[in-house]
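Peer 1: Before anything else, here's the structure in question.
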Amino acid sequence: MADATNEELIGQWKNQPAPLLPLLHAFHDRDGYLSDDALRAVSDGLKTPLADLYGTVTFYHHFSRTPGGLDAPRVCTGNICCMRGGNEILETLKAQGKAAAEMPCSGRCDEPVPVLTGHTTLAGTSADNLKPTPSPLPAPYPGVNEECLFSNIRKEGHNTLEGYQANGGFSALTKTLSSATPEGVIETITASKLAGRGGAGFPTGIKWNAVAECDRHPKSIVCNADEGEPGCFKDRTLMDYDPYALIEGMIIAGFATGAPRGFIYLRYEYPETNALLERCLAEVLEAGLLGNNIQDSGFTFHLYVRRGAGAYICGEEGSLLNSLEGKHPFPRNKPPFPVTHGFEDKPTAVNNVETLCAVPHIINRGADWYQSLGLGEHAGTKLISLSGDIKRPGNYEIPIGLPLKTLLYDWAGGPLEGRSVQAVTMAGLSGGFLGHQILDDLTLDDPCIRSHGSFLGAGGIMVFDDTRDMVKAAHDAMAFFAHESCGKCFPCRIGTQRLTERLNSESDNLSHEAWTEEVNDIGEAMKATSACGLGMAAPNVTDSLQKYFPDQVEASTNN
Amino acid sequence: MINDPNSAIAADLSITIDGQSTTFSEGETIYEISKRLQRDIPTLCYDDRLDAFGGCRLCVVEVEGIRNPVASCTTKASDGMVVKTAPPKIEKMRKTLLEMVASENRQVDVDPLRGLASQELSTLVNKYGARSGRFAGAKSGTTNLQDANPFILRDYEQCISCYRCVRVCAEQEGDYAITVANRGFDTQITTEFNNDLRDSDCTFCGQCVQTCPTGALADKKALRSEELPEEIKKTRTVCPYCAVGCSIDLMTKGDKIVGAQPAMEGPANKGALCIKGQFTYDFIQHEDRLKKPLIKQADGSFKEVEWDEALKAAAKGFADARAKYGRHSIYGIASGRAPHEAAYSMQKFIRAGFGTHHIDNCSRA
Amino acid sequence: MSNPLKDMDKPDTIFAIGTNMTECHPVAATGLKKALTKGAKLVVADPRKTRLAELAHLHLPIRVGSDVALLLAMAHVIVREGLTDQEFIADRCAEYEAFENHLKEFTPDWASGICEVPAADIEQAALWYGKAKLGAIYYTLGITEHICGVDNVQSLCNLALLTGNLGKEGTGINPMRGQNNIQGAGDCGAVPANYPGFQPVVNPEFHKKFKEAYQQPDLDPGNPMTKVTALNLCGQEENGIHAMIIDGENTLVTDPDKNHCEKALKALDHLVVIDIFLTETAQMADVVLPASAWGETDGVQANTERRVQRLRAAVPSHGESKPDWWIISGIAKELGIPGFEFESAKDVFNELCSLSPIYKGLNWDNIGDGNYQWPVPEEGHPGTPILHQDEFKDGKPGLFKIIGYRDPAEVIDDDYPVWLTTGRRLQAYHTRTQTGRASGIDYLLAEETLEIHPDDLGDWDIADGSTVKMASRRGEIELKVEATTRSPRGTVFTSFSFAKTNVNILTGSGYDPVTQTAELKVCPVRIKPV
C-alpha cells in the first residue's frame, strides 16, 4: 500500500472492527511517520476528534511524528540489554549518524540486544554484528515431567498449517464443534484449574462462564499479546512457533462464551510475529476453520490481529481495551469488569496468549491430565522466561511448584563461571527482587512466592549475579515504570518519577533516614492507592531492594 | 418524580459510613453518598458534572473486607458496605499524595481571580499541612506563554494532570479542543499539534479555566485586576445574552466588575457558560456608556441635560402627538434584552397611557 | 420550548432544523452533544454545514425557504410507513383524516425537487424521527424568519402530533428563543395582541380586567398593531404614527430593509430612545435616556424554557443612568398616567404577577433560585417544566394543519441569481453593541465576511479574501469574502453583527402574513467583485 491515497487507506479500514490502530499503522507504514495531514485524514475518516487523536498518538512510544521515524533504529535498553551492551550499541549507532533511539524492553532478553528497524528485528552483541534474527526456540526439555504448551513447539514445520495439523492441530476445535456444548467446554476448562497466565491468575473457566452468562451482544474474545513486562518473552515464542494453537484456543473460547469475534492485541515490538499471525489467519480462514459457519457447525467466529504501538500499560486489560477501541489508553475503573463491560462495553474475555494456547491441549487430553502436570497441589504448567546472568537463558515450561533452584541450576546451568546468584526478579520487574538469602527454598508457585511479598506474574525471571549493583538495577527498573506510567493517577505518575530520582544516587542528596522515609511513604501511597497494577507493583522494587540489600542502599545514600 | 420504580428498592439498600447508616439508590457511588452525609472527602480530579475519573486517588476510603483502599468516586456502593472515610492510615496517605502533588508545581498559592476552582489545591494542602517541601524533584508541565489569546492563560507549570479541563471540554462542552499529550510525568495538556487555542476547536467558553483546581488554566481578563486591593465580591445573576438563561456570578472589586464565573447551581446551565457569558461582561463599564440624558438640539447635536428636563421633554413629545394626531399616533417598542420590569412598564405605559395596543418588542427582528 | 433544557440530553432522536445552536445557544447545544455521546441520532436540516450539521448523522442541506416541502414529505413517509402514534392521535388530536389525505401527493421525490436534497435522505430523516421512542424537535429563527414562518412551525407541530412526540420527557417542539428576555417581553404583555400573561386583548373579559386595573376607560377592545405595521405608518398623515418610544433595541441595524426603517424613524415628530449606548437608532432620537445596564440593576428575566429568574445588581449604575422601569415610570408620571408609583423593580414585578395567571404563583421573593417554569397558577405550585403533558396548554385537541408549500417572497432570477441567508456568530451578539465593546473579542472576530462555497468563487471569478459588492432589490453593501464549504453552492451567508457591513440594507423581501416576521433568512442577491 505504498502508494495508497488517504481515501483508500481510510476506505480499507473505516468499516473494520477496532479500526484506529491499523489505520494509523497504515499511514505510519506508508509515510514512515504520522504527519499532521495523516492525523487530519484519520480524524476526518473515523470521525474522531483531532485533538483526542493527537493526544492518543503521542501516548505511544513507536508512533513517530517526524519523517523517517519508522526506519530509525530503536535499541533495547531494558535491564538485561543494558547489562549486555544496549547503551553502547545505541551510542555507536548515534555516532554513525543514525537517528537511533532507545526503546524499553522489547522481549528479546534471551538473545540480546535487539534493534528494531522498520518492521525488522535485528539482534547482535555490538553495533557491528546486528543482523535480522528470528526469535530463539526453547531448548530441549530438560525436565522429567511432561510438557503441555511446548510439547510440539520444537517440531519442524509446526508453525505451518500443514505441520500443525500433522501434529494433531485443530482436532480440539473439530471435536468441540462436532460434539461439545459451550457449557461442556467451560466445565472442562474450569475442572482443569487453568488460570490466567498473564499474571493475574484468575481462573479461566470462571471468567468464560461470566461472559457466557451475560446476555449482551456481540461478545468478544481478546487475546492479550501485549507482552510488555521486561524480561518476559514467552508469548513471543508461543506465537512464533505455535501460532495455530493460539488461534484454535481463541475459536474454542468464542464457542464456549458465545463470542462471534476475537482480537489478538499484539505488542508493537514483535513485527515478525505480526506478519506471521496475519498469514496464519488468512490460511485458517481459507481452510474453513475460521469465519462463517465453521465446519458447518453453525458457529461463526472472526479473528483479527491488532498491533499496539508501544505502551506497557496496554498490557493492563482496561488500557488494552481502550487502545483497541481507539481511545486514550488509560486503564479503566473497575468494576465493571471486562467480562460484563469489555470491548465496546460488551462482555469480553481477555485472556493471555499462554492461557489460550493451553486450551486445545486441555480439550484434547482432558482436565485431569492438565491438572496433574503441576507438582503437589499445584495444577498445570507455567512458562518461565529466564534471562540475565545465567548460562542458558530462554523459555522453560515448568510444572508449577518446581523449586527455583532446579530451574536455575539444573535446567539453565546456573550462573556464569565463578559467579553466584545475588538476586532474581519475579514477574519480570513487577515482583521486585528476591535476594540470594531466600532463593534456595523457593518454589515457583504463587503461594510460596507471595509469602515473600512477591508474585510469579507472567513468569519473567531476571538473574543478577554478585557483580551487579542492585541500586542501579532498581533504578533502571523504576525508570522503566516511570517511562511507562500512563499518567492517569497521581501516585503512579509522580511516585515512579520521584522513586527513580531517589534511586539515582548521583542526583540525590537526602540523608539515609530522610531517603528511607520518603521512599517508603511514596511506596506505601502507591501500593495502596494507585489505579492499576503498574503503580501498585512498582514499589516492590524499592521495598525488596531495602529488604535484601540494605548495605547497598546505605552505601548509595551516604555518598 | 411521581412513580420512581427505584424508590421501593432504594429503601432496601443500606451502607454504613463512618458509623452512620444510610440508604442509597442503585448506582450511587461511595463519594456521592458520603457527600450527602457531609463527609468531607478530599479530591482534586472530581467535578460532579463529569464522569468520575479516579485519577487523584485522594478520595480513597477504607471498605471493610477489601484489602486495598478504594477510590470512593468510582466505586459504586453495594448493600451492607461498611466504609471509613478518614482513618489515620488513609489520612496519612492523603497527606503524602498532596505533598507529592505540591512537589511537582512551582506555585501552590494562586490568585482566586484565576478561576472558580483555583483554590482547591492550596486549600487541601493547607488542610493537610502538606507544605513540607518533601519529595523535591523535577517539575512537570510547560507553561505556554506563546498563546496570545486574550482570555485563557495556559500556565501549565501549575498543572497537576487531573484532566478536568480535557474532560470538561469533551464531556460537558462536546468540543474536544484540548487533549492529554504524552504520558506519565511528561503529560502535557495541549491542543492538536500544540497549536494556539484560536487554531483549535476551542470556543473560549472558559469551562476549563473554571474547573481547574490549581489555576494552571486561568482567566486572563480577570487577572488584569489582580492588583486591585479590594476583596472579591460575587453577585449571582443571569447572563444577558441568549435565552438559555445561564446563572452567572459577577465578580467585583469595589465598584469595578472584574470578571464572571459560572454558577454551578444554575438551574438552566449547571455551571456551563459560553464565551459571551464568560468573557464579554466589560461592556457594562465601557467608556461609551451613556452617563446622562441627552436632548437633540436644532443643529442635530445632543446636549446633556438633567433627568427632570429630559423626562419632561420626553413626555411633552407624546402629549403633543396625542393632541395633534390623537392617541393612536403613539407607539412603544419594548426590549427583549431588558428585564421584565422594563417590558411590563412599557406595555403599561402604552395601554394605560393611551388606551391602545400599539406595543411590540423586537422579536420580529 | 415545550420541554426543559435539562431534557436535551434525553432524546434518542433529535431533529434540529433552522438552528445554529452551537453558535447561538452554545450552552443548550451541550445538551444535544451529550445526547449524541449517549447514542442519539441527530438529523440536521440547514442550508449551511454548521457545526451542528457536522455532528449530525444526517445533514439535509435544504435550499433556503424550502422547509415546508421537507416537512410535508417527512410526514408523508411517516404516514406511509405506519409510524404514526395512532393512540396519541385518537386521544389528543383532531382533523387527522383530512391531513392524511392532504399528504398523499407530497412524496420525498416531490420534495427533493424543491429542497434540492436526495429523496432518500428525506426518507431516512423521516424514518429515524418516525421510529424514535423519544423524538425531539429543536428550531430557531431559521424556521420563523420566513414569509411562511407560521407554516413552518405548524408543519413541525404536525410531525410531533403524528408521532406523539409531545408531553413527555425528552420529546417536544422546542424553539430556542433568541434574546435573553424575549420570552419575558411576551410574558409581560409587550406584544400587541396580548395583555400580560398572554391574555388576548380581543377577549372582553380581559379587556374589562385591564380597563379597571389600568384605570383606562378608553382602552381599545382590540386593534393590536405590530411594529412592522407601525414602521410602515410612521409620519403618515392619515392614521399615522408620529411619536415613538424604543427601549434597548438597535432597530436600525437589526431590522430588515434598513433604508425603509431609517425613513420611518426620520418621519416621526418625536422619538425617545432608552439605551445604554448611543446606538445608531439612539442617534436618531429627540430624547435619549440612559438606562442602567445588566449588572447594575435588579430585575427578572424568563428564559427559553419559561424559567423565571432574578437579575441582581453587582455595581452602581453608570453615571446617572437609571433602570428602564424608573425611566418609563418617570415619563408616565409626567404625563399624569396613573399607576406608576413604583419604588422598586420588586413593585413592578409583583404587579405583573398579580395580573398574569401564568405568574400568579410567583413573586419577587420566591423566584430567587430560579426554580420555577411558568405556568405557575398558584402559590405552592411547582411550575411546569413540560408543557402539553396530559392535554394541550389551551385545553383543546391538537389540530393537524393543512399546509402547502409556497416559494419565498423573492426567488433567484437572472438579476439576483444567488440566495443570501443571514444569521449569527458565536463571538458576537446581535449588533455588537455589547460584545463589540468587550476586550479581546476582536482577537477572534474582528470583521464580518461573506461565506461563499469555494467552487462558486471559482465560477464567479472572485478571489478568496477580496471585497465584493452584494446587492438586492433594496440596496447594496460591500464586504470581504471567505471561501468555505460551510456554504452550499449557490447560497451565501453573512451575519448582521457589524454595522459597517449591514446586511439588513438588503433584506426585507417579505413578511409572514400572520406574525409579520420578516423573511431575514432568504434574500436573492447578486455579487460582483469591486
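Peer 1: Pop the C-beta distance of A:GLU88 and B:ASN182 into the FRET formula with R0 = 25 Å and round what comes out to the nearest 0.05.
Peer 2: Working: r = 28 Å, r/R0 = 1.11.
The value I calculate is 0.35.
Peer 1: With a point put 7 Å past each Cα toward its Cβ, work out how far A:LYS334 is from C:ARG406 in nm, to one decimal.
Peer 2: So the label points at A:LYS334 and C:ARG406 sit 6.6 nm apart.
Peer 1: In square nanometres, what is the average projected area of the Cα convex hull of chain C? Could you put the intermediate results ahead of the total?
Peer 2: Numbers: hull surface 101.8 nm².
The orientation-averaged projected area of the Cα hull of chain C comes to 25.4 nm².
Peer 1: Turning to a different aspect of this structure: What list of ³J(HN,Hα) values in whole Hz, one per residue of the stretch A:291-304 in order, does the Karplus curve 6.51 cos²θ - 1.76 cosθ + 1.60 (θ = phi - 60°) give from phi, with Gly and Pro shown as x?
Peer 2: Values, residue by residue: x, 6, 6, 4, 6, 6, 8, x, 8, 10, 8, 10, 10, 10 Hz.
Peer 1: Report the Stokes-Einstein translational diffusion coefficient (µm² s⁻¹, integer) for the stretch C:1-69, Rh taken as the Kirkwood radius over Cα pairs, at 10 °C with viscosity 1.306 mPa s.
Peer 2: Details: Rh = 12.2 Å.
Translational D for this selection: 131 µm²/s.
Peer 1: Using amide H atoms built 1.01 Å from N in the peptide plane, name the residues 5+ places from C:LYS41, or on other chains, whose amide H lies under 5 Å from its own.
Peer 2: Hits under the 5 Å cutoff: C:THR13, C:ILE14.
Peer 1: So who's got an amide H within less than 5 Å of the one on C:ILE276, skipping anything under 5 residues away but keeping other chains? H placed 1.01 Å off N, in plane.
Peer 2: C:ALA291
Peer 1: Do the alpha carbons of any pairs in A:LYS334/C:LYS33; A:LYS488/A:LYS527; B:LYS221/C:LYS49; A:LYS488/B:LYS234; B:LYS324/C:LYS263; A:LYS219/C:LYS38 sit beyond 23 Å of each other, and which pairs? Before the final figure, lay out the partial values.
Peer 2: On the way: A:LYS334/C:LYS33 26 Å; A:LYS488/A:LYS527 15 Å; B:LYS221/C:LYS49 32 Å; A:LYS488/B:LYS234 34 Å; B:LYS324/C:LYS263 21 Å; A:LYS219/C:LYS38 20 Å.
Listed pairs above 23 Å: A:LYS334/C:LYS33; B:LYS221/C:LYS49; A:LYS488/B:LYS234.
Peer 1: Follow-up question, since we're still on this one. So for each of B:198-208, A:162-172 I average, over its residues, the number of other beta carbons within 10 Å; can you give me the resulting order with the highest mean first?
Peer 2: Values: B:198-208: 23.3, A:162-172: 17.2.
Sorting B:198-208, A:162-172 by mean packing, highest first, produces B:198-208, A:162-172.
Peer 1: If we sort A:285-294, C:253-262, C:472-481 on the protection proxy, mean other Cβ atoms within 10 Å, highest first, what's the order?
Peer 2: On the way: A:285-294: 16.0, C:253-262: 21.3, C:472-481: 18.1.
Ranking the peptides A:285-294, C:253-262, C:472-481 by packing returns C:253-262, C:472-481, A:285-294.
Peer 1: If contacts are Cα pairs under 8 angstrom and at least 6 residues apart, what is the relative contact order of chain C in percent?
Peer 2: Numbers: 1083 pairs, mean separation 87.0, N = 530.
Averaging sequence separation for qualifying contacts and normalising by length gives 16 percent for chain C.
Peer 1: Turning to a different aspect of this structure: For the stretch C:273-301 and the stretch C:25-73, what is the centre-to-centre distance using only Cα atoms, to the nearest Å?
Peer 2: When both Cα centres are located, 36 Å separates them.
Peer 1: Further question on the same structure: Apply 1/(1 + (r/R0)^6) to the Cβ-Cβ distance of A:ASN15 and C:LYS104, taking R0 = 35 Å, and write down the FRET efficiency to the nearest 0.05. The partial results should precede the final answer.
Peer 2: Details: r = 38 Å, r/R0 = 1.09.
That pair, A:ASN15 with C:LYS104, gives E of 0.35.
Peer 1: To continue, here is another question. Packing-wise, with mean Cβ within 10 Å as the measure, how do A:97-106, A:423-432 rank, highest first?
Peer 2: Numbers: A:97-106: 19.9, A:423-432: 27.2.
The most tightly packed comes first, giving A:423-432, A:97-106.
Peer 1: Dipole size in debye (nearest 20) for the stretch B:95-224 around its Cα centre, Lys and Arg Cβ +1, Asp and Glu Cβ -1? Walk me through the intermediate numbers first.
Peer 2: Values: 15 positive and 17 negative charges, 114 e Å.
With Lys and Arg at +1 and Asp and Glu at -1, about 540 debye.
Peer 1: Calculate for chain C the 222 nm mean residue ellipticity that helices alone would give, adding -39,500 (n - 2.57) per DSSP H run of length 4 or more and normalising by residue count, nearest 500 deg cm²/dmol. Walk me through the numbers before you get to the answer.
Peer 2: Values: 19 runs with 159 residues, N = 530.
Value at 222 nm, helices only, nearest 500: -8000 deg cm²/dmol.
Peer 1: Using a 10 Å cut-off on Cβ to Cβ distances, tally the other chain neighbours for every residue of B:141-154 and report the average as a whole number. Don't skip to the answer; put the middle values down first.
Peer 2: Details: counts 0, 0, 0, 0, 0, 0, 0, 1, 3, 7, 5, 0, 0, 0.
So the per-residue partner count for this stretch is 1.
Peer 1: Let me ask another. Can you compute the label reach from A:ARG450? Point 7 Å from Cα along the Cβ direction, backbone N cut-off under 17 Å, restricted to the stretch A:365-380.
Peer 2: Within reach of a label on A:ARG450: A:377-380.
Peer 1: Still on this structure, please answer the following. If you average 1/r over all unlike Cα pairs in the stretch A:461-539 and invert the result, what Kirkwood radius do you get in angstrom?
Peer 2: Details: mean 1/r = 0.0776 Å⁻¹.
That comes to 12.9 Å for the stretch A:461-539.
Peer 1: Same structure, new question: Take peptide C:258-266, look around each residue's Cβ out to 10 angstrom, count Cβ atoms belonging to other protein chains, and average those counts. Kindly include the intermediate steps, with their values, before the conclusion.
Peer 2: Working: counts 0, 0, 0, 0, 0, 0, 0, 0, 0.
If you average over the peptide's residues, the count of other-chain Cβ atoms is 0.
Peer 1: Percent antiparallel among DSSP beta bridges with both residues in chain A, to the nearest 5?
Peer 2: Numbers: 23 of 47 bridges.
For chain A, the DSSP antiparallel bridge percentage is about 50.
Peer 1: May I pose another question? What is the distance in Å between the Cα centres of the stretch A:141-157 and the stretch A:338-401?
Peer 2: So the separation of the two Cα centres works out to 14 Å.
Peer 1: Determine the distance separating the Cα centre of the stretch B:100-144 from the Cα centre of the stretch A:426-486; give it in Å without decimals.
Peer 2: First find each Cα centre; the distance between them is then 35 Å.
Peer 1: Tell me whether the stretch A:85-230 comes out rounded, prolate or oblate; compute the Cα gyration tensor, take square roots of the eigenvalues as a ≥ b ≥ c, and use a/c under 1.5 as the rounded threshold. Please report the intermediate quantities before stating the final value.
Peer 2: Details: a/c = 2.63, a/b = 1.92, b/c = 1.37.
Cα axes put the stretch A:85-230 in the prolate bin.
Peer 1: Need one number: nm distance between label points at B:GLU91 and A:ASP410, each 7 Å from Cα along Cα→Cβ, rounded to one decimal.
Peer 2: It works out to 5.5 nm between the two label points.
Peer 1: Quick check on the exposure proxy: order B:MET93, B:MET346 from fewest to most C-beta atoms within 10 angstrom.
Peer 2: Details: B:MET93 22, B:MET346 32.
With the sparsest Cβ surroundings first, the list reads B:MET93, B:MET346.
Peer 1: Using each residue's phi in the stretch B:220-228, evaluate 6.51 cos²θ - 1.76 cosθ + 1.60 at θ = phi - 60° and report the 3J(HN,Hα) Karplus result to the nearest Hz, with x for Gly and Pro.
Peer 2: With the stated coefficients, the stretch B:220-228 comes to 4, 5, 5, 5, 4, 9, 4, 7, 5 Hz.
Peer 1: In addition: Under 5 Å between amide hydrogens, which residues at least 5 positions from C:LEU450 or on another chain qualify, with H placed 1.01 Å from N in the peptide plane?
Peer 2: Distant-sequence amide H within range of C:LEU450: C:LYS480, C:VAL481, C:GLU482.
Peer 1: Rounded to the nearest 500 deg cm²/dmol, what is the calculated helix-only ellipticity per residue at 222 nm for chain B, with -39500 (n - 2.57) per DSSP H run of length n ≥ 4?
Peer 2: Details: 10 runs with 89 residues, N = 365.
About -7000 deg cm²/dmol.
Peer 1: Oh, and also: Let me know the mean shielding of C:422-435 by other chains, meaning the per-residue number of their Cβ atoms within 10 Å of its Cβ.
Peer 2: Numbers: counts 0, 0, 1, 0, 6, 7, 3, 7, 5, 0, 2, 4, 10, 7.
Whole-number average of other-chain Cβ neighbours for C:422-435 is 4.
Peer 1: Suppose a student asked you for the relative contact order of the stretch A:161-372, using Cα pairs under 8 Å spaced at least 6 residues apart; what percent would you report? List each step's numbers first, then the result.
Peer 2: On the way: 400 pairs, mean separation 65.9, N = 212.
The value is 31 percent.
Peer 1: While we're on this one: Give the percent of DSSP beta bridges with both residues in the protein assembly as shown that are antiparallel, rounded to the nearest 5.
Peer 2: Among the beta bridges of the protein assembly as shown, antiparallel pairing accounts for roughly 55 percent.
Peer 1: Using the Karplus curve 6.51 cos²θ - 1.76 cosθ + 1.60 with θ = phi - 60°, what ³J(HN,Hα) values do you get for each residue of the stretch B:42-59, in whole Hz, with x for Gly and Pro?
Peer 2: x, 7, 10, 10, 9, 9, 5, 8, 10, 4, 4, 10, x, x, 7, 6, 6, 8
Peer 1: Another one. Normalised by the empirical 2.2 N^0.38 Å for globular proteins, what value does the Cα Rg of the protein assembly as shown take? Don't skip to the end; give the middle numbers.
Peer 2: On the way: Rg = 36.8 Å, N = 1454, 2.2 N^0.38 = 35.0 Å.
Expressed relative to 2.2 N^0.38 Å, the Cα Rg reads 1.05.
Peer 1: Looking at the calculated P(r) for the stretch A:72-132, what percent of the C-alpha pair distances fall above 20 Å? Kindly include the intermediate steps, with their values, before the conclusion.
Peer 2: Details: 137 of 1830 pairs.
Everything past 20 Å amounts to 7 percent.
Peer 1: Follow-up question, since we're still on this one. Per DSSP helix of 4 or more residues, -39500 (n - 2.57); summed, then divided by the residues of chain A. What does that give at 222 nm, rounded to the nearest 500? Write down the numbers at each step before the final one.
Peer 2: Values: 24 runs with 237 residues, N = 559.
Taken over chain A, the calculation gives -12500 deg cm²/dmol.
Peer 1: With the Cα gyration tensor of the stretch A:161-372 giving a ≥ b ≥ c as the square roots of its eigenvalues, does the rule (a/c under 1.5 for rounded; else a/b larger than b/c for prolate; else oblate) give rounded, prolate or oblate?
Peer 2: On the way: a/c = 1.40, a/b = 1.18, b/c = 1.18.
Rounded, because the longest to shortest axis ratio a/c is under 1.5.
Coordinate-derived values only; no laboratory data. Bear in mind that the values here come from a model prediction, so they are computed numbers and not experimental data. Please note: Cβ atoms are built from the backbone with ideal geometry, for glycine as well, and neighbour counts cover all protein chains shown.
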